1. Please list 283-290, 128-135, 178-185, 224-231 highest first by mean number of surrounding beta-carbon atoms within 10 Å per residue.
2. To the nearest 20 Debye, how big is the dipole of the chain about its Cα centre, given +1 on the beta carbon of each Lys and Arg and -1 on that of each Asp and Glu?
3. By the gyration tensor of its Cα atoms, with a ≥ b ≥ c the square roots of the eigenvalues, what is the shape of region 67-152: rounded for a/c under 1.5, prolate for a/b over b/c, or oblate?
4. Under DSSP H, which helices of the chain have Cα atoms covering 15 Å or more of the helix axis and a Kyte-Doolittle average no less than -0.5?
5. Let's test the formula: R0 of 35 Å, r as the Cβ-Cβ distance of Phe33 and Arg3. What FRET efficiency results, to the nearest 0.05?
6. Given a Förster distance of 25 Å, report the FRET efficiency between Ala96 and Met53 from their Cβ-Cβ distance, rounded to the nearest 0.05.
7. At 0.36 nm per residue, and after removing the present C-alpha to C-alpha distance, how many nm does the segment from Phe65 to Thr257 gain when stretched out fully?
8. Assuming a ≥ b ≥ c are the square roots of the Cα gyration tensor eigenvalues, decide whether the chain counts as rounded (a/c under 1.5), prolate (otherwise, with a/b larger than b/c) or oblate.
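No lab work stands behind these numbers, since they all come straight from the coordinates. If you're wondering where the values come from, they're calculated on a predicted model, not measured in any experiment. Reconstructed Cβ throughout: ideal geometry from the backbone, glycine too, with neighbour counts over all protein chains shown.
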Amino acid sequence: MERLPAAVALGSLFNPLNSSMIAVALAGIEAEFDVGIAAVTWLAGGFYFIGIMVPPLMGTLADRFGPRLVFCAGLVTMAVTGVLAALVPTYPALVAVRLLQAFGSCATMPAGMVIVQAAMADADGRPPPRVIAMISMVLTASAAIGPVLGGFLISLWGWRAIFLVNVPLAAVAFAAALRWLPKVRVDGARQALLPRQNPRLLATYGQYALVNVVFYLAFLALPLWAQQVGGVPAHVAGLLVLPLSVLAIVATPVAVTLAARLGMRAVLMVSGALLVAGSCAMLAVGPVMLVPVVAALLGVASAFSQFGLNSLVFVHAGGRDTGSAVGFFQASRYVGAATASALLGVLFDGASLDTGGWAMAGVSAAVLVAGVLAPVRRPGTSASGGDRSAP
């Protein structure tokens, strides 16, 4: 059964990977097409906008028509758009392909989690915590490693390589999906087009959106600042945020252990506190080598948030609406990312990161408060009955 979550994780990495690789490619794309920073950020903002609108629909389609079909269709789309992006002659054509790429990348995560829940759910209707942790770790790590991988690809073959790399990755993921993902029976006739979301799920989505406002503000601003102000090349700018990737892998098992011992609320509170610390460290960035400190703090915070809040989706969602709930959860990532992208042009003045750091600190404080107040149990479960959100 370990092959099943591995196949889902492999297919799901395209969305966070492609949302983050673009961070180190913006400067090169802007220079080649001469469109200006405001215009080139549409490659990030447009991807995030699709990431808001499409995942709930893809999750619902998976609930209605079969998650394996939706999952594989997303991978085919990633391969096709990888080729098209490498061949585009104009900036408008690149934007169009990038938006189509976003559609494909949004299909795999909600569809994959429907399969995982159907095949591996426990008596509570929730996949084992180790499975959620494994997939969360891959998602967080792939988002964090994006600038590193993107920087090296750009330094070797130019910015078009960050799109072309999706072709072999999609081929491997497609083969794994055909071999390891079972066909899951669905009761499509009973599914609403977009099932109603309960208040506890809405609170989970909102908290995750705020986490990603902080994460993506740093993720987009730091490599751009390092290249334009610090004067470092793209591959070095990517390496500066490498701690995000490393610590996402290391911290996720720690989050699982903390949840088992102290409950999910402790995970959420630690995540909020680390976001505050990382945001405050952003205010001190001037020397380039302080960038990894910010990345380290935010990397651990992101790992904790990804695991904790993803687990709560399964606590609060109805079993038949898993795809829709995971889709909305994925969309909330891009509510935060799109907000960060829109704020980037306002907060990044080209000389310092102070304004952005203060904005991040304010949002992080809100995340910390939400961690204290967020519902972490299903209705009707008393504190004496145990934390149903914990492993």
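1. 128-135, 224-231, 283-290, 178-185
2. With only Lys, Arg, Asp and Glu charged at Cβ, the dipole is about 1260 debye.
3. It comes out oblate by the Cα gyration axes.
4. Numbers: long enough: 42-65 (32 Å, 1.03); 67-87 (31 Å, 1.81); 91-120 (44 Å, 1.27); 129-157 (40 Å, 1.61); 166-180 (20 Å, 1.27); 199-228 (43 Å, 0.87); 242-262 (29 Å, 1.88); 264-282 (27 Å, 1.71); 291-316 (37 Å, 1.58); 322-347 (37 Å, 0.99); 354-373 (29 Å, 1.39).
Answer set is 42-65, 67-87, 91-120, 129-157, 166-180, 199-228, 242-262, 264-282, 291-316, 322-347, 354-373.
5. According to the calculation, E is roughly 0.25.
6. So, using R0 = 25 Å, E works out to roughly 0.95.
7. The span from Phe65 to Thr257 would gain 65.5 nm if fully extended.
8. The shape class here is oblate.
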